[in-house]
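Structure incoming, see below.
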Amino acid sequence: MLGENVKKLGFGFMRLPHIGEETDLEQVKKMVDLFMSKGFTYFDTAYVYDGGKSEEALRDALVKRYPRESFTVATKLPLWNTGTTFEDFRKLTDTSLERLGVDYVDFYLIHNINDNKYEEYNVWEYMKGLKAEGKAKHIGFSFHGTPELLEKVLSEHDEAEFVQLQINYNDWENPDIASRRCYEIARAHGKPVVIMEPVKGGALATLSDEVAAPFRALDPKASNASFAIRYAASLDGIIAVLSGMSTLAQVEDNVAYMDDFKKLSEEERRAVAAVVENLQKVRTIGCTSCKYCVEGCPMQINIPRVISAMNVKLKYNNLPDAKRQLGFATRDGGKPSDCIACQACEGVCPQHLPISKIMAEAAETLE
Ligand code: SF4
Ligand code: SF4
């Protein structure tokens, strides 16, 4: 299987340390050195991460400093507002290769399939061409869509060699993310999986003491992140579990328990289940994502996604991740601060949520 006999921790280059606007390259080099010194080899970036600075950091901290065959690089082809023809895609690929300083990538992914664009633009044909040319050793895709769409993509495109999925213990049964269903579909098609967001963008690292009590009772020294990453890495058929590491301390923590990786014990699984239960008890805004409110909003605010970002703050006490979620929520529509308090949404909300007040709070807390 692809990724067999490879250490399962992957270094995600999406949240690198910065000094001002620039990547803190000296710190990234130390992080890479520690990671490599322990025999880990998988690095993940994307054309769009940090406006291209992530790919460049990978070149400067890794590619220029280590033999090419000692590591594997994954990067991704974006399909949003970046062109529709093979010529357009080729420019994106060439830019990635140039920024990375490599002649080929080991894993090349269509970035975030969640609609039909990949079919419209015939992207899989393009990807197959790259593989035939040797520019990409293995081709796959990252995925944020529904289980039904995943089933469709995998049924129609056997050329996809692997799939990158959002999997973490708290979203395993979450109907919006559907980690379990997506994982099972990938496995049923015999595709190995790269796991992203095992710590839910850092949210499962910052649990309150009360929520994380079952972890502390079991092992006072083990970090919250260690349970989350080991949970993901305990699944079968995994190429790598990506951790978007931002500090040397995070690399130290991750490599310590992934160096001599052990699957979660039954006792540890029970602790994870208890933490999931504790998380369910934390009071959040009771939006069911029914979307009844969305169409009538004159400011095109994606109300359920804004509320979901607010819930990240309430539940995990994780402001950076909540802000990141708000960024996704407002990418194609209005911001919470655009709300004019017309209350059109409140008239149709079956949960009778005070949406205009929530938008004001979201503007103050997250913008
Ligand atoms: S109250 Fe705000 S969020 Fe609700 S419909 Fe009006 S503008 Fe949109
Ligand atoms: S109508 Fe209410 S419950 Fe439904 S998505 Fe909008 S805010 Fe959430």
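Name the residue, out of Ala188, Ala57, Ala240, whose mean-square fluctuation peaks in a Gaussian network model built on the chain with Cα pairs under 10 Å.
Ala188
Quantify, in whole percent, the carbon and sulfur part of the accessible surface of the chain (1.4 Å probe; protein heavy atoms only). Mind dumping the intermediate values first?
On the way: 8220 of 16790 Å².
Looking at the chain in its full context, I get 49 percent from C and S.
Something else about it: Among DSSP beta bridges whose residues both lie in the chain, state the antiparallel percentage, nearest 5.
Values: 2 of 33 bridges.
The antiparallel proportion sits near 5 percent.
How far is the Cα center of the stretch 285-334 from the Cα center of the stretch 236-256, in Å?
If you average the Cα positions of each part, the centres end up 28 Å apart.
No other cysteine beta carbon under 4.7 Å away is the test; run it over the chain and list who passes.
So, Cys182, Cys287, Cys290, Cys297, Cys339, Cys342, Cys349.
Would you kindly derive the ³J(HN,Hα) couplings of the stretch 253-268 from the backbone phi angles with the Karplus curve 6.51 cos²θ - 1.76 cosθ + 1.60 (θ = phi - 60°), listing them in order in whole Hz, with x for Gly and Pro?
4, 4, 5, 4, 8, 9, 5, 10, 5, 10, 4, 4, 7, 4, 4, 5
Using every Cα-Cα pair within the stretch 9-274, state what percent have a distance larger than 25 Å. Walk me through the numbers before you get to the answer.
Values: 15851 of 35245 pairs.
Across the stretch 9-274, Cα pairs with separations above 25 Å total 45 percent.
Report the relative contact order of the chain, percent, no decimals, based on alpha-carbon pairs under 8 angstrom and at least 6 residues apart. Let's see the in-between values first.
Numbers: 606 pairs, mean separation 53.8, N = 367.
Once normalised by length, the contact order is 15 percent.
Here is a further query. With charges only on Cβ, +1 for K and R and -1 for D and E, what is the dipole size of the chain about its Cα centre, in debye, rounded to 20? Present the calculation step by step, with values, prior to reporting the outcome.
On the way: 44 positive and 54 negative charges, 116 e Å.
The dipole magnitude comes to about 560 debye.
Under 17 Å Cα-Cα from Lys357, which lysines qualify once same-chain neighbours fewer than 8 residues away are excluded?
Of all the lysines, those that pass the test against Lys357 - Cα under 17 Å, at least 8 places apart if same chain - are Lys313, Lys335.
Rank Tyr104, Gly334, Gln280 by how far each Cα sits towards the positive end of the charge dipole of the chain (+1 on Lys, Arg Cβ; -1 on Asp, Glu Cβ) and give me just the farthest.
Gln280
Okay, moving on. Could you report the chain's accessible area per residue, 1.4 Å probe, as an integer in Å²? Please list the in-between numbers first.
Numbers: 16790 Å² over 367 residues.
On a per-residue basis, 46 Å².
Grab the other residues whose beta carbon is less than 13 angstrom from that of Gly51, score K and R as +1, D and E as -1, and report the net. Display every interim value, and only then the final one.
Working: positive: Lys53, Arg99; negative: Glu21, Glu22, Asp50, Glu55, Glu56.
Cβ neighbours under 13 Å give a net charge of -3.
Ile19 to Ala256: FRET efficiency via 1/(1 + (r/R0)^6), r the Cβ-Cβ distance, R0 30 Å, to the nearest 0.05? Mind showing how you got there, number by number?
Values: r = 26 Å, r/R0 = 0.88.
Between Ile19 and Ala256 the formula returns 0.70.
How much FRET efficiency would the formula 1/(1 + (r/R0)^6) give for Ile340 and Thr288, where r is the Cβ-Cβ distance and R0 is 30 Å, rounded to 0.05? Could the numbers behind the result be given before it?
Details: r = 24 Å, r/R0 = 0.81.
That pair, Ile340 with Thr288, gives E of 0.80.
The values are calculated or read from the model by the stated rules, or taken from the named source; none is laboratory data. Fair warning: this is a prediction, and the values are worked out from it, not measured in the lab. Don't worry about glycine lacking a Cβ; one is built from the backbone with ideal geometry, like all the others, and counts go over all protein chains shown. Ligands, DNA and RNA are stripped out before the accessible areas are found, and what is left, the full protein with its side chains, is counted by its heavy atoms. Shrake-Rupley method; radii C 1.70, N 1.55, O 1.52, S 1.80 Å.
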